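Below is one structure, written out as structure tokens; comments come after it.
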Amino acid sequence: DYIAILPPSPTLSLTGSEEPGAGPSQRREEEPASGVSSLRAVFTVIVLCFINLLNYMDRFTVAGVLPDIEQYFGINDGKSGLLQTVFICSYMFLAPVFGYLGDRYNRKMIMSVGIGFWSIVTLASSYTPKEYFWLLLLTRGLVGVGEASYSTIAPTIIADLYIKERRTQMLSVFYFAIPVGSGLGYIVGSKVDDLAGDWHWALRVTPALGLVAVVLLLFVVKEPKRGAIEARPEHTLQRTSWLGDMKALCRNPSFVLSTFGFTAVAFVTGSLALWAPAFLFRAAVFTEGRPPCVKGPCDTSDSLYFGIITVVSGILGVASGAEVSRRLRLRTPRADPLVCALGLLLSAPFLYLAIVFAQASPIATYVFIFLGETFLSMNWAIVADILLYVVVPTRRSTAEAFQIVLSHLLGDAGSPYLIGVVSDSLKQTDSYLWQFRSLQLSLLTCSFVAVGGGAFFLATALFIEKDRQRATNYAPSGQCPQSLP
């Protein structure tokens, strides 16, 4: 206590003699390498989780009220699919920009500006007139600006606060927000629509919470030092050009193959997220004699049930995936990609059965959807962890951006629109039977894509050890590699 209250330099010992450097050294030992205290780090993760939850709530609120939107604007399945596609496309193309900025500038400020913009645009989209469907498409596209500014950067902040098992645990908490936020999007969207009698109000919930998130970002979150927690402070790692970063990432087999595997996850989740509630609604109209949606507000009970299933299955899937991976790591260093492959390969048959049983048993359909989504959710935290330990700290935001671009370009950017177009092409008549049957046949594509994703993760397991060791021992040209604990 006596030493702690003395001036930094010079420092006196208890005998009165000077011990140069003792005080600063003591403080350096006590200060975390990241520059963020353990308590502040926990609050940072909580705020990031809250924002991630809001992002996914907003993304799937539209899907929760899709029958109302189709009835309000008088649009077909193809145009309905565009609502998700235009959002994902803007999100996808802007992700590299924010990835580049996130590796070089203050990440907290970039996220704050992006989320503020996202909140304003989301609120504006709720005032779209009936004759201007294109304006709703435009505003949904601009929402992608805010999400791109956040999704590419937030995981890298967590990576700079924690390492090893602790990092995996915190990423699991962070990625809980994806299924929970998605489910809440359906639940909030459907319930607000029911209470207000107007689907527009469903889009006005998340903007208010988004402004709260900006305040929390500015006053709670502290920017950690890049790579310092891994004994790799950013000033010791030589920065390379964006082109150099991309070349290095493309020569990283584990990163490339796991990205293609995650693309399959994005394809399946994007398709189900938009079309599952509408599919369940059409199944009820065809098999149970439920009144069709002729004039709003429409029956949104299927969105409510699907949202609840998504929340519960997501929590179980993310938690079980992280725990199975942790236990399997004691036996093999290839545990992470193997668990991801297992999740996708197990989800495929259950999703297939859910779609096939929709006309025979609604209860069986919901059970199979629950099992399929649980296994599908096992991937979220693990894929993020794979990226963080096979890529060096100064390339992580760029790697996140590249993964977002590729997974969305080939995944959920086109899958909702593709499912809608295929459904329209298979529809022989405009009867309720073919509205259901054509969408059912179109959604069967998801099961086969999931199997392909599982194959990519199995291939990742062949390279994961070598690429992880290479990232750990990375040294810029002209320096000797160093083995780190």
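Matching residues to (1) more than 17 Å from Ile69 (Cβ to Cβ); (2) touching a residue at least 60 places away in the same chain (Cβ under 8 Å):
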site: Leu83; (1), (2): no, yes
site: Met109; (1), (2): yes, no
site: Tyr127; (1), (2): no, yes
site: Gly141; (1), (2): no, no
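Looking only at the stretch 144-154, count how many residues are among the aromatic types (Phe, Trp, Tyr) and assigned to a loop (DSSP other than H, G, I, E, B). Going through the stretch 144-154 one residue at a time, the tally reaches 0. In the stretch 393-407, the residue that is nearest to Phe456 (Cα to Cα) out of those that are of a type in the set (A, V, I, L, M) and open to solvent by less than 10 Å² (accessible area, probe 1.4 Å) is Ala399.
Among residues of the stretch 454-467 that are over 23 Å from Gly372 (Cβ atoms), those with a beta-carbon under 6 Å from a residue that is among the small types (Gly, Ala, Ser) and at pLDDT below 95 at least six positions away or on a different chain give the pairs Phe463/Ser254; Ile464/Ser254; Asp467/Ser254. Pairs linking a residue in the stretch 172-194 that is without any contact (Cβ under 8 Å) to a residue 60 or more places away in the chain to a residue that is among the aromatic types (Phe, Trp, Tyr), with Cβ atoms under 6 Å and 6 or more positions apart or on different chains, are Val192/Trp201. Listed by first and then second residue, the pairs with beta-carbon distance under 6 Å, at least 6 apart or on different chains, first residue in the stretch 246-271 and more than 19 Å from Ala381 (Cβ to Cβ), second in a helix (DSSP H, G or I) and among the charged types (D, E, K, R), are Asn252/Asp467. Note on the stretch 155-197: residues that are outside any helix (DSSP H, G or I) and open to solvent by 50 Å² or more (accessible area, probe 1.4 Å) total 1. The C-beta contact set for the stretch 421-435 (first residue over 16 Å from Gln359 (Cβ atoms), second residue of a type in the set (Asp, Glu), distance under 8 angstrom, 6+ apart or interchain) comprises Val421/Asp77; Asp424/Asp77.
For the stretch 117-128, the set of residues classified as part of a helix (DSSP H, G or I) and open to solvent by 40 Å² or more (accessible area, probe 1.4 Å) consists of Phe117, Ile120, Leu123, Ala124, listed by residue number. Here Phe350 passes the criteria (1) out of contact with any Leu (no Cβ under 8 Å at 6 or more places or on another chain); (2) open to solvent by 40 Å² or more (accessible area, probe 1.4 Å); (3) not charged (D, E, K, R) except the one numbered (1).
For the stretch 92-111, a tally of residues being within 18 Å of the chain's Cα centre (by Cα), open to solvent by less than 10 Å² (accessible area, probe 1.4 Å) and not hydrophobic (A, V, I, L, M, F, W, C) returns 3. Any residue at all in the stretch 317-326 that's more than 22 Å from Ala264 (Cα to Cα) and either free of Cβ contacts under 8 Å to residues at least 40 places away in the same chain or of a type in the set (Lys, Arg) (or both)? Yes, the stretch 317-326 contains a residue that is more than 22 Å from Ala264 (Cα to Cα) and either free of Cβ contacts under 8 Å to residues at least 40 places away in the same chain or of a type in the set (Lys, Arg) (or both).
Determine whether the stretch 175-191 contains at least one residue that is out of contact with any His (no Cβ under 8 Å at 6 or more places or on another chain), farther than 30 Å from Ala276 by Cβ and either at pLDDT 85 or above or not acidic (Asp, Glu) (or both). So far as the stretch 175-191 goes, no, none of its residues is out of contact with any His (no Cβ under 8 Å at 6 or more places or on another chain), farther than 30 Å from Ala276 by Cβ and either at pLDDT 85 or above or not acidic (Asp, Glu) (or both).
Show the residue pairs that are 6+ apart or on different chains and have beta-carbon atoms under 8 Å apart, the first residue being within the stretch 61-74 and touching a residue at least 12 places away in the same chain (Cβ under 8 Å) and within 14 Å of Leu184 (Cβ to Cβ), the second being of a type in the set (Lys, Arg) and part of a helix (DSSP H, G or I). Correct list of pairs: Val62/Arg140.
Residues in the stretch 33-82 that are of a type in the set (Ser, Thr, Tyr), open to solvent by less than 10 Å² (accessible area, probe 1.4 Å) and outside any helix (DSSP H, G or I): Ser34 alone. Ile419 meets each of the listed conditions (1) open to solvent by 50 Å² or more (accessible area, probe 1.4 Å); (2) of a type outside the set (D, E, K, R); (3) closer than 23 Å to Phe87 by Cα apart from (1). With respect to being open to solvent by 20 Å² or more (accessible area, probe 1.4 Å), of a type outside the set (S, T, N, Q), in contact with a helix residue (DSSP H, G or I) (Cβ under 6 Å, 6 or more places away or on another chain) and closer than 18 Å to Phe456 by Cα, Leu410 fits the description. Has the stretch 102-116 got any residue that is under 16 Å from Val62 (Cα atoms), part of a helix (DSSP H, G or I) and not aliphatic (A, V, I, L, M)? No, the conditions are met nowhere in the stretch 102-116.
The values are calculated or read from the model by the stated rules, or taken from the named source; none is laboratory data. All figures in this text were calculated on a predicted structure; none of them were measured in a lab. Quick reminder, even Gly has a Cβ in these numbers, built from the backbone with ideal geometry, and neighbours come from all protein chains shown. Remember, those area values only see protein heavy atoms, side chains included, never the ligands or the DNA or RNA. Shrake-Rupley method; radii C 1.70, N 1.55, O 1.52, S 1.80 Å.
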